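The values are calculated or read from the model by the stated rules, or taken from the named source; none is laboratory data. Only a predicted model underlies this, so the values are computations on that prediction, with no experimental measurement involved. Here Cβ is always computed from backbone atoms with ideal geometry, including for glycine, and neighbour counts include all displayed protein chains. Surface areas here come from the heavy atoms of the whole protein model, side chains and all, with no ligands, DNA or RNA. Shrake-Rupley method; radii C 1.70, N 1.55, O 1.52, S 1.80 Å.
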Amino acid sequence: MINRITTYFHLNGTKQKIARNLLWAMTGKIVTLLGSFLVGIIVARYLGPEQYGIMSYVISYIAIFQVVANFGLEGIEIREEAKEGANRDVLVGTAFALKCMLAVLTIGLIGVSVMITEQESYVRWLIMLYSVSMILNSFSAIRNYFTALIWNEYVVKTEIMRTILGAGVKIVLLLCKASLVWFIAALLFDAFLIASGYVAAYQKKIASIRKWCFDKATARYYIIQSFPLFLSAVMTIIYMKIDQLMIGNMLSKTSTGIYAVACTFVDICIFIPTILSQTITPVLVTNYEHDQTIYRQKSQIFMNIATWICILITIFISLSSPLIIRYSYGLQYLAAVPVLQLLAFRIIGVANAQISGQLIIIEHTQKYAILRNIAGCIVCIVLNLILLPRYGLIGAAISAIATSLVAGMIIHFFIPAYRPIFKQQIHCLIYGWKDIIHAPKILRL
């Protein structure tokens with residue numbers, strides 16, 4: 001199928017490689033998301049809003065701390081490995097070692113934080129159990145290397161297998177009528193499957209991981225380059241996930257479950273700009289280094305297509321939300337309908353944030369990235385404190401939309417280094433739809 005598509009658009013050379021990588025990445029992500037989505041629906045129906053709310057709370061809690069373990073390394077790692085003559089074993093090995101060390105440190109921080117903030121020992125135990133996944137997530141350094149080579153094809157099969165096996169485990173747990181703790185353990189098993197799959201793919205297609213080596217100079221370079229992105233990511237994950245923690249503490253765990261259901265559909269759609277960004281980055285890096293004019297043209301086309309795909313999806317989800325919730329999660333989650341109708345518009349803001357964030361890394365202006373995320377974090381916390389007590393989950397949805405637009409677009413106007421990106425975003429919103437209509441012609445250029 002992939003060969004037929006590339007042949008139809010008369011693609012060859014680098015464009016064919018990019019197209020194949022994109023199609024493989026999309027295929028893997030769609031299978032993964034659909035598998036997780038379908039199993040998630042069954043699990044949510046089985047657990048009910050309260051237990052599912054606790055599960056969502058635990059996942060959000062770990063997600064906030066995961067940013068410490070990642071330390072903003074992903075974008076820098078991909079950028080460096082995409083360069084000609086990159087030292088593979090040093091770059092991948094150093095990134096992996098840093099992630100492992102940071103993961104261990106982060107688990108310690110989580111242990112301290114749950115003792116201070118969480119009163120329920122059961123929730124504390126679940127959080128600590130799931131925190132072990134951070135160490136396994138360190139193997140994402142392998143995935144980043146395949147992404148830099150535009151070889152996503154070789155990890156997609158791993159992710160699909162993980163989805164199938166993980167889904168099978170959760171279905172078995174459902175049939176056995178297992179408690180919530182077993183479903184958290186199943187999420188941890190998912191992390192183990194994907195980590196072992198990445199290692200197998202790397203050793204089969206690249207080389208043995210035993211050749212990896214840690215280099216202090218490279219580690220220092222990674223840390224210096226990633227630190228602004230780390231600070232930025234801290235603020236990003238706070239305004240992306242803090243709403244569920246605030247809902248759990250200010251309203252109830254049941255409300256967290258309702259809100260998490262609405263977020264599920266939004267999170268599914270966010271993969272589109274994510275995959276497009278990761279796939280096009282190596283090409284844009286080359287364009288940026290050799291020809292600024294071509295770079296700006298191609299980045300504009302990339303932004304137009306990704307953003308307007310997300311706009312069309314947003315409209316569809318918002319209009320179809322009553323049917324989506326009713327025939328997926330069931331009547332017990334109908335309270336999520338008005339939340340999803342509003343929250344769907346967050347997709348546009350998040351798409352803008354992800355696309356512009358990738359351009360910021362390519363243009364080496366990440367030192368200012370923290371400013372936009374500080375703005376988003378402030379808007380998120382302030383609006384939730386004001387709107388949650390008055391309007392409940394609708395207030396949380398309004399806050400999420402405003403936050404993503406401020407952090408992903410509006411703040412760029414006030415940062416001189418990001419004004420060219422702001423102009424691209426305005427152009428995209430006004431004229432970007434034309435590239436959707438003429439997408440086949442663009443692919444042939």
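Extent of region 28-76 along each principal axis, from alpha carbon coordinates, in Å, largest to smallest?
Principal axes ranked by extent give 40, 27, 8 Å for the Cα atoms.
I'd like the FRET efficiency for residue 175 and residue 34, computed as 1/(1 + (r/R0)^6) with the beta carbon distance as r and R0 of 30 Å, rounded to 0.05.
The value I calculate is 0.90.
Students often get this wrong, so check it: of 241/434; 99/177; 170/253; 29/367; 177/253; 204/298, which have C-alpha atoms separated by over 25 Å?
Distance filter (> 25 Å) returns 241/434; 99/177; 29/367; 204/298.
Can you tell me the mean projection area, over all orientations, of the convex hull of the chain's alpha carbons? Units nm², please. Walk me through the intermediate numbers first.
Working: hull surface 82.7 nm².
One quarter of the hull surface, i.e. the mean projection, equals 20.7 nm².
Given a 1.4 angstrom probe, what's the average accessible area per residue across region 270-333, in square angstrom?
For region 270-333, the per-residue accessible area is 44 Å².
Quick check: Cα centre of region 87-107 to Cα centre of region 23-82, how many Å?
21 Å
Out of 388, 73, 173, any idea which swings most in a Gaussian network model of the chain, alpha carbons joined below 10 Å?
Answer for the Gaussian network model of the chain: 173.
Between residue 87 and residue 332, 0.36 nm times their residue separation minus their Cα-Cα distance comes to what? Mind showing how you got there, number by number?
On the way: separation 245, 0.36 × 245 = 88.20 nm, distance 5.39 nm.
Contour length minus Cα-Cα distance gives 82.8 nm.
In square angstrom, what is the accessible area per residue of region 65-136 with a 1.4 angstrom probe?
Counting only protein heavy atoms, the per-residue value for region 65-136 is 43 Å².
Counting only protein heavy atoms, what percent of the accessible surface of the chain is carbon or sulfur at a 1.4 Å probe?
The nonpolar share, carbon plus sulfur, comes to 68 percent.
Among 349, 288, 328, which residue has its Cα positioned farthest towards the positive end of the charge dipole of the chain, with +1 placed on the Cβ of Lys and Arg, -1 on the Cβ of Asp and Glu, and the dipole taken about the Cα centre?
In the chain, that residue is 288.
Starting from the Cα-Cα distance between residue 297 and residue 196, subtract it from 0.36 nm times their residue separation and give me the gain in nm to one decimal. Could the numbers behind the result be given before it?
Details: separation 101, 0.36 × 101 = 36.36 nm, distance 3.97 nm.
Length gained, residue 297 through residue 196: 32.4 nm.
What order, most packed first, do the peptides 157-167, 365-375, 344-354 have when packing is the mean number of other Cβ atoms within 10 Å of each residue?
Highest-to-lowest ranking by the protection proxy: 344-354, 365-375, 157-167.
With every protein chain kept in place and ligands, DNA and RNA left out, what is the accessible area per residue of region 349-439? Probe 1.4 Å, answer in Å².
It amounts to 42 Å² per residue over region 349-439.
In Å and from the alpha-carbon atoms only, list the Rg and Dmax of region 188-329.
20.5, 55
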